[in-house]
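K.L.:
The structure follows.
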Amino acid sequence: MDHLDRFARSAWARVRSGYYSPPASREAHPTRSLTRAVRARWGRAIVAEVKPRSPATPDLLRGRSVAEVARAYLAGGAVGISVLVDPDHFGGSLAHLRELSELGVPLLAKDFLVDPAQLVAYARTGADCALFILALFRRGHTSCGLAEMIDRAHALGLEVLLEVSSAAELEEALKSEADLIGINSRDLATLELEPRRPVEVLRAVVPDDTRPILALSGISSPKEVRALRDAGFAGFLVGTALLRAPDPEALLRELTAT
C-alpha cells in the first residue's frame, strides 16, 4: 500500500464515520467560477492553498488562522483559494470551507474524493470547485466512475478540477467533462516531487483543447511560473511555498507579476 492508497482508505473511513454527513445548509452565495477566474488571469492565475499541515511539515499555519492566511492571499492577487478538507493527513476541515466562503472568492475543496457524499458536503459548506484525482478512479477506490462523479458534481453546482500525473491520464482527462485539468509534479504514491513532470506531460500530449490546464505543487519562484506559463499552463496551484514564506502576500505579488 502506497501513500495514495492510504489516503483513499482514510477517506473511506471518514465517509463511513459520518464526517461528510451534510451539515445544515448555509445561505446560498453567488456563483463563483474558478474556471472564469483562471481564464481572466490566463498565465498568471494563482490558486493559493490553505493547509494546516502536511505529511512532511507538522505546522504550516504557525499560529495564524486560516482566514488570516486566506486574506493575505487575496491581497496578493490569488484568483482562488484551495482549502484542504482531509483532517487526517493535512489538518483540514469542512469548517474551513464554511468560514472562507464569506470571502467572496472561488474555493477549491481539496480532498481525496471517493464517494458522492463528499461532494454534497463540499457544496453545502461553501466550495465552488472540487478536486478529482484521476488515479483514485483508475485504482478502483471510488464508488462510481469518473463520468458519473463529474455529473454529480455539476448537478450540485460544483466545477471540477481533474488532477493527472501522466500523459495517458491527461489524454483520458481531456475526454472528460472536467472544467479544469491539473498536472501534478508530486507523485502521490511516493510524495516525491518531479519538477519537470508537468511540462513533460503537457508536451507529450499537446492538447487541442481550450480548457485551462494548471500546474500543481512544488512551485515557489517567479522563474518557475514563467517557465510553466511559457510551456502553456494557464494557472498554478501554490501552497507550501506560500505558507512557509515570511510574507505570503509579497511572494504572491511576485508570482502573479511575472
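K.L.:
Please give the FRET efficiency for R41 paired with R138, using the beta carbon to beta carbon distance and R0 = 30 Å, rounded to the nearest 0.05. Don't jump to the answer; show the numbers that get you there.
P.N.:
Working: r = 31 Å, r/R0 = 1.04.
Once rounded, the FRET efficiency stands at 0.45.
K.L.:
Quote the Stokes-Einstein diffusion coefficient, in whole µm² s⁻¹, for the chain, based on the Kirkwood radius over alpha carbon pairs, a temperature of 25 °C and a viscosity of 0.890 mPa s.
P.N.:
On the way: Rh = 18.0 Å.
The diffusion coefficient I find is 136 µm²/s.
K.L.:
Beyond 17 Å, what percent of the Cα pairs of the range 87-195 remain?
P.N.:
54
K.L.:
Sticking with this one: With labels modelled as points extended 7 Å from the Cα through the Cβ direction, what inter-label distance (nm, one decimal) is found for L191 paired with R53?
P.N.:
Output for this residue pair reads 1.1 nm.
K.L.:
Fewest first, what order do R197, R64 take by the number of other Cβ atoms within 10 Å?
P.N.:
R64, R197
K.L.:
Another question, if that's okay. To the nearest 0.05, how large is the calculated FRET efficiency for D88 and T210 if R₀ is 35 Å and r is the Cβ-Cβ distance? Mind dumping the intermediate values first?
P.N.:
Values: r = 37 Å, r/R0 = 1.06.
Once the sixth-power term is evaluated, E becomes 0.40.
K.L.:
Please work out the ratio of the alpha-carbon Rg of the range 110-159 to 2.2 N^0.38 Å and round it to two decimals.
P.N.:
Numbers: Rg = 9.9 Å, N = 50, 2.2 N^0.38 = 9.7 Å.
Compactness ratio reported: 1.02.
K.L.:
Taking 0.36 nm per residue of sequence separation and subtracting the Cα-Cα distance, how much length would be gained by fully extending the chain between S33 and E177, in nm to one decimal? The partial results should precede the final answer.
P.N.:
Working: separation 144, 0.36 × 144 = 51.84 nm, distance 1.54 nm.
Extending this stretch completely gives an extra 50.3 nm.
K.L.:
Additional query: Return the long-range amide H neighbours of E163 (sequence gap of 5 or more, or a different chain), with a cut-off of under 5 Å between placed amide H atoms.
P.N.:
F132, I133, L134, G182
K.L.:
Distance between Cα centroids, the range 194-248 to the range 78-140: provide it in whole Å.
P.N.:
Rounded to whole Å, the Cα centres lie 20 Å apart.
K.L.:
So which GluC sites (Glu not before Pro) in the range 1-87 are both in a DSSP loop and have at most 13 other Cβ atoms within 10 Å of their Cβ? The partial results should precede the final answer.
P.N.:
Working: sites: E27, E49, E68; in loops: E27.
Sites meeting the loop and neighbour criteria: E27.
K.L.:
Taking just the C-alpha trace of the range 169-258, give me its Rg and Dmax in Å.
P.N.:
When restricted to the Cα atoms of the range 169-258, Rg and Dmax are 13.5, 41 Å.
K.L.:
Out of the range 78-168, which trypsin sites (Lys or Arg not before Pro) are coil in DSSP terms and have no more than 14 other C-beta atoms within 10 Å?
P.N.:
Numbers: sites: R98, K110, R124, R138, R139, R152; in loops: R139.
Passing both the DSSP loop test and the Cβ count: R139.
K.L.:
If you filter the range 169-258 for trypsin sites (Lys or Arg not before Pro), then keep DSSP loop positions with at most 11 other Cβ within 10 Å, what is left? Each step should come with its number before you reach the end.
P.N.:
On the way: sites: K175, R186, R196, R203, K223, R226, R229, R244, R253; in loops: K175, R196.
Those satisfying the criteria are K175, R196.
K.L.:
Only bridges with both residues in the chain count here: give the DSSP antiparallel percent, nearest 5. Intermediate values should be presented prior to the final figure.
P.N.:
On the way: 1 of 31 bridges.
That works out to approximately 5 percent antiparallel.
K.L.:
While we're here: Can you sort C144, C129 from fewest to most other Cβ atoms within 10 Å of each residue's own Cβ?
P.N.:
Working: C144 13, C129 26.
Arranged by neighbour count, lowest to highest, C144, C129 become C144, C129.
K.L.:
Roughly how big is the chain's charge dipole about its Cα centre, with Cβ charges of +1 (Lys, Arg) and -1 (Asp, Glu), in debye to the nearest 20?
P.N.:
On the way: 32 positive and 33 negative charges, 94 e Å.
Approximately 440 debye in magnitude.
Each value in this text was obtained by applying a stated rule to the coordinates, not by laboratory testing. Keep in mind the model is a prediction, meaning the values are calculated, not measured. As a convention, Cβ positions derive from the backbone with ideal geometry for all residues, glycine included, and neighbour counts pool all protein chains shown.
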